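First the structure, in the form of structure tokens, and then the observations on it.
The values are calculated or read from the model by the stated rules, or taken from the named source; none is laboratory data. In this text, all values refer to a predicted model and were calculated from it rather than measured experimentally. We place every Cβ from the backbone using ideal geometry, glycine too, and count neighbours over all the protein chains shown. Protein only, heavy atoms only, side chains kept; ligands, DNA and RNA dropped before computing areas. Shrake-Rupley method; radii C 1.70, N 1.55, O 1.52, S 1.80 Å.
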Amino acid sequence: MGCTANQKWKLGSLFTAAVSISFTFNAFALDVKIGILLSLTGSQAYYGKEARNGIDLALAENKDPNLKIQISVEDTQSNPSEAAKGINKLITKDKVTVVIGDMVSSNTIAAGSLAEKEKIPIISPGSTNDSVTLKKNYIYRACFTDSFQGLVMANFATQNLKAKTAVILQDADSDYSIGLSKNFENRFTADGGKVLKSLRYSQKDTNFTAQLGDVRKLKPDVVFIPGFHQQVGVILREAKDLQIQSKMLGGDGWDTQELRQIAKGSEIGSYFSNHYSSESKDPKLQNFIKSYKEKFKSEPSSFSALGYDSANLVIQAIKNAKSADSEKINLALSQIKNFKAATGDITIDGNHNALKPAVILKFMPTGYKYITSVKPN
């Protein structure tokens with residue numbers, strides 16, 4: 001998630017969008033109502049706005065007079081309770097038959113409970129917490145899971161960086177961070193490493209010197225910080241000020257330009273897992289990057305790509321189902337195999353998770369350096 005976002009948002013326009021997109025359905029027209037549920041304001045607005053850009057691009061690329069899709073948008077305001085209110089409005093008032101959103105696990109979990117009850121399929125572009133889809137019949141994701149992401153980063157720490165010891169800095173307010181911390185610790189320990197301490201912070205915190213004081217005393221080989229850019233940027237900057245020499249590791253929540261602005265260069269040399277590398281030669285990805293730059297005059301982030309992939313997955317499911325019925329769209333989503341997406345080929349598994357590779361990137365003075373890719377077993 002680390003590229004410049006389109007900041008020129010006029011939120012009012014998001015709630016009136018009606019877009020026509022395209023397929024031929026044997027000479028009959030089809031009307032479908034799709035809900036979009038994203039954090040467009042609040043602390044997680046960067047992720048939601050980036051995803052919305054990708055969704056808009058996918059819709060623009062798939063116009064057809066035989067398929068009319070009406071879009072209804074709700075802003076979760078970066079809050080689980082608002083996510084629950086938003087999904088309720090989309091289902092009960094707007095009568096949508098499928099939903100795209102949210103980016104953040106806590107919000108998707110809150111919204112997913114009602115979607116599951118009402119039997120409306122929802123696909124999250126970026127919610128990686130494992131419980132999002134666990135034992136759910138109508139909840140999907142277009143991203144990898146925290147169990148996979150945690151495994152990737154723990155293996156990288158022990159095998160590539162030869163790390164023996166680690167400290168975890170966990171965001172206690174985030175299901176994403178809690179789940180990723182647990183999965184990293186389990187794999188790091190299984191690989192022979194030792195987690196010296198797991199420290200917590202709150203999203204309301206603005207200073208992390210107390211936690212970093214413990215890190216400096218413990219001198220771990222790596223520090224794993226699975227959080228969002230507002231806190232991580234400050235943590236990295238303060239760690240540098242305290243002359244902590246440990247390698248800093250993170251998850252896909254680090255992929256924002258704002259992190260670099262906050263960290264002020266202290267992020268350079270750190271590693272994080274992500275959904276794609278712009279260095280990839282994959283034609284689907286390169287076409288997406290080119291089209292995104294032309295439309296939004298900025299570099300896409302991984303969240304833009306995930307929004308793009310989610311919308312295209314929904315469009316493909318509607319095309320396969322040849323129906324606006326939520327049950328038929330749900331069945332079609334569950335049967336997606338080897339779908340050519342911007343972030344890699346996607347197969348929806350039995351738990352409604354996207355089987356797809358992860359990449360590890362290194363912060364450089366400008367941009368990222370691709371380090372390696374890891375495919376799911």
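The residues of the range 163-185 that are hydrophobic (A, V, I, L, M, F, W, C) and either within 17 Å of ILE235 (Cβ to Cβ) or in a helix (DSSP H, G or I) (or both), listed by number, are ALA166, VAL167, ILE168, LEU169, ALA172, ILE178, LEU180, PHE184.
Taken together, the residues in the range 106-121 that are out of contact with any strand residue (DSSP E or B) (no Cβ under 8 Å at 6 or more places or on another chain) and farther than 21 Å from PHE228 by Cα amount to 5.
The single condition among (1) surrounded by fewer than 22 Cβ atoms within 10 Å (Cβ to Cβ); (2) in a loop (DSSP other than H, G, I, E, B); (3) under 20 Å from the mean Cα position of the chain (by Cα) that GLN286 does not meet is (2). Of all residues in the range 219-228, which are open to solvent by 10 Å² or more (accessible area, probe 1.4 Å) and closer than 16 Å to ALA263 by Cα? PHE228, the sole residue that qualifies. Give me the residue from the range 310-366 that is within 22 Å of LYS95 (Cβ to Cβ) and part of a loop (DSSP other than H, G, I, E, B) and, out of that set, most open to solvent (accessible area, probe 1.4 Å). Per the criteria, the residue is LYS322. Selection of the range 231-260 for residues being open to solvent by 10 Å² or more (accessible area, probe 1.4 Å) and either at pLDDT below 95 or charged (D, E, K, R) (or both) yields ARG237, GLU238, LYS240, ASP241, LYS247, GLN257, GLU258, ARG260.
Tell me the residue from SER131, SER127 that is open to solvent by 30 Å² or more (accessible area, probe 1.4 Å) and among the hydroxyl-bearing types (Ser, Thr, Tyr), please. Every option except SER131 fails the conditions.
On the stretch given as the range 117-146, residues that are touching a Ser or Thr at 6+ places or on another chain (Cβ under 9 Å) and part of a helix (DSSP H, G or I) total 5. In the set (1) within 23 Å of PRO226 (Cα to Cα); (2) outside any strand (DSSP E or B); (3) more than 17 Å from the chain's Cα centre (by Cα), the condition left unmet by LYS293 is number (1). Residue check: GLY269 meets all listed conditions (1) touching a residue at least 40 places away in the same chain (Cβ under 8 Å); (2) open to solvent by 10 Å² or more (accessible area, probe 1.4 Å); (3) in a helix (DSSP H, G or I); (4) closer than 18 Å to LYS362 by Cβ but one, namely (3). For ALA29, the criteria (1) at pLDDT below 90; (2) under 24 Å from the mean Cα position of the chain (by Cα) hold in every case but one, which is (2). Select from the range 194-218 the residues that are over 28 Å from the mean Cα position of the chain (by Cα) and free of Cβ contacts under 8 Å to residues at least 40 places away in the same chain and write down the one among them that is most open to solvent (accessible area, probe 1.4 Å). Checking each candidate, the answer is LYS217.
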